[in-house]
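First up is the structure itself, then whatever we jot down about it.
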Amino acid sequence: MNEMVYVKNISYILSHIFFLVFTCLFIPRRYSNGKTFNICLFSCLLMTLMDYFKLHLFSDNSVFYFFTTVTQITITQLTALFISEKRTIKTLFIGLSASNYVLVGTIIAPILYIFTGSVGLALVGNLLAHLVILTVLYSRIGNVVSRFCERDLGKNKWELCLIPIFFYCSFSSIAFFPHTLYEHPENILVSIFLMITMLVSYVVVLRYMDSETKQVEEYWKNVMFESYIKGLESQSYLVEQSEHNLKILRHDMRHYSMTIDSLLNQQEYDEIRNITGHIKEVVDENRIPRYCENLVVNTVLTAMAEQVQSFQIALLSDITITHEIPVNEYEFAMVLANLLENAMHSVKTLEPAKRSINVKVHCNAEHLLIDMENECAQEIFFDSTTGLPKSRRGKGHGLGMQSVQAFCDKLGGTIDCYCENNRFRIILYVKF
């Protein structure tokens with residue numbers, strides 16, 4: 001075995017190992033550490049075996065080299081998807097990106113060997129390059145990638161995967177196939193600049209997406225706080241009106257009392273019932289609506305209920321929410337506001353008899369259930385990936401359902417949506 005092939009062997013093994021380290025660090029995993037390690041070990045041994053075939057047994061066969069490399073790429077990406085908690089486009093994007101990161105480290109080995117002729121220096125430089133790239137990327141964009149995995153992209157953005165694919169093809173065509181850097185060392189400078197371009201591009205793209213997602217989240221937080229403030233203003237106004245009306249009632253109670261005494265002496269019991277009925281109506285009219293025990297959720301529900309009723313929509317509610325809930329009360333309130341707003345837009349143009357929303361919300365220490373149902377006149381189109389309804393109101397809409405999906409995913413819950421006989425129903429359930 002000559003020195004160049006030896007350098008290739010070791011650098012390829014290092015690339016397999018670091019690829020798996022990358023995926024384990026950047027991708028949320030579904031299996032235990034022990035099971036994940038066994039899967040990665042099997043994958044690494046299989047890819048190393050293929051390296052042996054293409055570098056030794058069939059080293060002169062370029063067709064075999066090409067197809068073996070494609071098979072290895074497939075195995076690595078399938079390994080990343082297999083150990084991932086969520087097998088989505090985002091996982092594939094991170095897996096493809098990890099292949100590019102380790103490719104950068106792998107290129108360092110032939111560059112150092114060409115310039116120094118030292119096997120030891122080439123391999124040590126290769127190892128250090130992998131470690132430096134891994135450490136820098138994890139410290140600089142580790143949190144960004146983590147948030148990227150947790151958040152919903154809004155739609156199936158498979159185009160993201162084109163970025164690492166084209167970078168990988170560019171690297172491979174310059175440094176490995178059909179000619180290597182050993183055969184064309186003049187490509188070294190191009191490879192170095194391509195490495196820098198790729199690393200900068202990834203950081204910029206991921207940070208831009210993170211910034212964009214934060215803007216969307218801030219928008220919905222502002223919407224939620226606006227609803228909260230409106231709810232507080234509404235409740236404050238209702239309290240003032242109620243206090244004013246009850247003061248009047250208290251002032252008039254002595255007159256009612258004298259009248260009732262007089263009617264009792266006259267045995268006019270029906271008239272007494274009319275007076276007590278009137279007093280009860282006044283008290284009921286000045287009762288402040290209370291949907292649940294939690295202040296934040298109740299305030300937002302009050303504000304949304306006023307909007308719903310302003311369109312002459314009947315709100316049929318069965319709401320049981322404890323004072324202390326095991327979820328973020330602001331996020332929970334925002335989810336309810338989003339769902340109620342969607343239902344309101346769906347029914348407000350219908351004939352009055354069909355304007356109703358059935359709402360069932362139960363939240364306690366054991367589970368969370370949101371069950372909403374309403375009439376829908378227009379056909380509803382569902383997203384093939386998420387199963388959630390798509391907005392018909394054009395660009396800039398539909399973010400509310402994304403917020404609901406993100407909330408459900410965060411809690412590990414399930415969402416079911418369907419439309420039958422022109423009635424739409426959505427059920428969100430989380431067991432704590």
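Structure data summary
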read-out	value
Environment charge of Gln312, counting only residues whose C-beta is closer than 9 Å and scoring Lys/Arg +1, Asp/Glu -1	+2
Charge dipole (segment 3-219, unit charges on Cβ, about Cα centre) - positive-most of Phe37, Phe167, Leu96	Phe37
Protection proxy ranking, peptides 47-56, 19-28, average beta carbon neighbours within 10 Å, highest first	19-28, 47-56
Per-residue ³J(HN,Hα) for segment 273-278, Karplus 6.51 cos²θ - 1.76 cosθ + 1.60, θ = phi - 60°, Hz, x for Gly and Pro	4, 5, 5, 5, x, 5
Listed residue pairs exceeding 24 Å between alpha carbons, taken from Lys8/Lys86; Lys35/Lys86; Lys90/Lys431; Lys360/Lys410; Lys354/Lys410	Lys8/Lys86; Lys90/Lys431; Lys354/Lys410
Positive dipole terminus of segment 3-219, leading residue within Ile83, Val21, Phe58 (C-beta point charges)	Ile83
Ordering of 87-100, 298-311, 351-364, 31-44 by burial proxy (mean other Cβ atoms within 10 Å per residue, highest first)	87-100, 298-311, 351-364, 31-44
Cα centre as origin, Lys/Arg/Asp/Glu Cβ charges: segment 290-432 dipole, Debye	440 debye
Along principal axes, Cα extents of segment 3-219, largest first, whole Å	58, 37, 30
Dipole of segment 290-432 [Lys/Arg +1, Asp/Glu -1 at C-beta], most positive-end residue of Thr414, Leu388, Val430	Leu388
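Readers should treat all values here as calculations from the given coordinates under stated rules, not as data from a laboratory. Only a predicted model underlies this, so the values are computations on that prediction, with no experimental measurement involved. Cβ sites come from the backbone with ideal geometry, for glycine too, and all protein chains shown count toward neighbours.
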